[in-house]
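Peer 1: There's a structure below that I have some questions on.
Please treat every number below as a calculation from the coordinates, not as lab data. Keep in mind that what you see is a predicted model, and the values were worked out from it rather than measured. Glycine gets a Cβ as well: all are built from the backbone with ideal geometry, and neighbour counts include every protein chain shown.
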Amino acid sequence: MHITAHTQPSGDKPNEDWFAAADGLVVVLDGATIRTDTGCVHGLPWYVRTLGASLVANAADHARDLRGVLADSIRQVTAAHSGSCDLEHRGTPSAAVGLVRWTSEAVEWIVLGDITVIVGTTDDGVVATCDDRVSRTGWEERRECDRFLIGTDEKMTAILAMKEVELASRNREGGYWIASSEPNAAAHSLTGSAPVDQVERVAVCSDGAMRALDLTPIDTTAGVLRALREAGPGGLVEQVRAAEDGDPLGARVPRNKARDDATAVLVETRDGRRRLK
């Protein structure tokens with residue numbers, strides 16, 4: 001396997017994305033932006049680091065299915081919180097999860113939240129998996145956010161109203177599911193697999209990297225995979241950054257943050273790399 005990866009914070013604040021990539025396993029996490037109290041003394045970077053380490057350790061056992069791996073990892077992080085953390089608080093830290101694992105027979109993946117897994121196959125097919133349920137919550141509130149420019153008081157008021165609706169929809173039927181303190185969220189994840197000899201390349205991207213679909217001429221997941229192959233993960237993120245910086249107030253493409261943490265990992269098999277030459 002040949003693995004390339006790039007992660008970049010949105011600015012001066014700590015990166016709330018996290019990734020691990022090794023021969024046979026890729027994990028990408030995207031911490032959910034905190035805009036309210038959380039009831040937790042640790043903070044979001046701690047949460048994503050701790051969850052990521054648990055996922056890597058648990059996924060090493062190929063006898064365990066990926067939903068079980070995710071559920072156990074959430075359970076372990078919940079136990080790692082201190083006694084002063086209020087895990088019933090609806091704002092408790094959370095993260096979107098994307099994990100891909102290679103076994104002797106298959107490539108398996110799991111997605112919970114808005115991480116995107118893109119699988120390129122030997123017949124030039126592309127299979128993309130992304131859980132977009134969070135973007136379907138608070139639809140009216142999201143439209144209200146889009147009316148205002150980034151940095152205005154009106155924008156922040158609208159964002160906080162949207163966040164209240166979003167948190168009320170978290171990890172419940174009819175809403176969306178994400179890793180936080182509830183292991184049963186793993187049962188609502190999206191999963192997939194493909195025979196290992198039919199997979200040539202895999203990309204795992206946080207939603208910050210997938211902004212390429214909204215902000216750049218790249219308009220398909222196949223196009224994202226092509227850009228990763230041609231420019232590398234760093235090149236894709238730089239294209240996103242240039243587009244973000246060219247529209248800092250969200251006047252052309254409405255959004256709630258001028259920049260977002262961005263992470264992209266590309267894995268190519270040796271056979272897939274030979275085909276590119």
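Peer 1: Taking amide H atoms as placed 1.01 Å from N in the peptide plane, list the residues 5 or more away in sequence, or in a different chain, whose amide H sits under 5 Å from that of Ala179.
Peer 2: Ala95, Val97
Peer 1: Pick from Thr38, Thr121, Thr157: which is most flexible by mean-square fluctuation in a GNM of the chain where alpha carbon atoms under 10 Å apart are linked?
Peer 2: Thr157
Peer 1: Still on this model: Answer with one residue from Ile115, Trp46, Ala262: the one whose Cα lies farthest towards the positive end of the charge dipole of the chain, charges on Cβ with Lys, Arg +1 and Asp, Glu -1.
Peer 2: Comparing the listed Cα positions along the dipole, Ala262 ranks first.
Peer 1: I want to check a number: in the chain, how many lysine pairs have alpha carbons closer than 21 Å, given a sequence separation of 8 or more or different chains?
Peer 2: 6
Peer 1: If you average the alpha carbon positions of the range 109-148 and of the range 186-225, how far apart do those two centres end up, in angstrom?
Peer 2: First find each Cα centre; the distance between them is then 9 Å.
Peer 1: Applying the Karplus parametrisation 6.51 cos²θ - 1.76 cosθ + 1.60 with θ = phi - 60° to the phi angles of the range 24-34, what ³J(HN,Hα) value in whole Hz is obtained for each residue in order, glycine and proline being reported as x?
Peer 2: Those phi angles translate into x, 7, 10, 10, 10, 10, 10, x, 6, 3, 8 Hz.
Peer 1: Averaged over every viewing direction, what's the projected area of the C-alpha convex hull for the range 121-277? Give it in nm², one decimal, please.
Peer 2: Spelled out: convex hull of the Cα atoms, projected over all directions, averaged, 10.8 nm².
Peer 1: Name the residue, out of Ser84, Ser193, Ser169, whose mean-square fluctuation peaks in a Gaussian network model built on the chain with Cα pairs under 10 Å.
Peer 2: Ser84
Peer 1: Counting alpha carbon pairs within less than 8 Å and at least 6 residues apart, what relative contact order, in whole percent, applies to the range 15-276?
Peer 2: Reported as a whole number, the value is 22 percent.
Peer 1: While we're looking at this one, here's another question. Rg/Rh for the range 1-121 to two decimals, with Rh computed the Kirkwood way over all alpha-carbon pairs.
Peer 2: Across the range 1-121, the Cα-based Rg/Rh ratio is 0.98.
Peer 1: Using a basic spin-label model with each label point 7 Å from the Cα along Cα→Cβ, how many nm lie between Thr122 and Arg252?
Peer 2: 4.2 nm
Peer 1: Please work out how much length the chain gains when fully extended from Thr33 to Asp219, using 0.36 nm per residue of separation minus the C-alpha to C-alpha distance, in nm with one decimal.
Peer 2: Net length gain for the segment: 64.4 nm.
Peer 1: Turning to a different aspect of this structure: Taking 0.36 nm per residue of separation and subtracting the Cα-Cα distance, what length does fully extending Asp86 through His62 add?
Peer 2: Stretched fully, the Asp86-His62 segment lengthens by 5.3 nm.
Peer 1: Pull out the extension gain between Thr103 and Trp139, defined as 0.36 nm times the separation in residues minus the alpha carbon to alpha carbon distance; nm, one decimal.
Peer 2: Between Thr103 and Trp139, full extension yields 9.0 nm more.
Peer 1: Follow-up. Can you give the translational diffusion coefficient of the range 169-214 in µm²/s, computed by Stokes-Einstein from the Kirkwood radius over Cα pairs at 20 °C and 1.002 mPa s?
Peer 2: Here the translational diffusion coefficient equals 158 µm²/s.
Peer 1: Are there any GluC sites (Glu not before Pro) in the range 76-152 that are in a DSSP loop and have at most 11 other Cβ atoms within 10 Å? List them by number.
Peer 2: Listed in order of number, the matching sites are Glu88, Glu105.
Peer 1: Now a separate question. Write down the radius of gyration of the chain and its Dmax, each obtained from C-alpha positions, in Å.
Peer 2: Gyration radius and largest Cα-Cα distance of the chain: 18.3, 56 Å.
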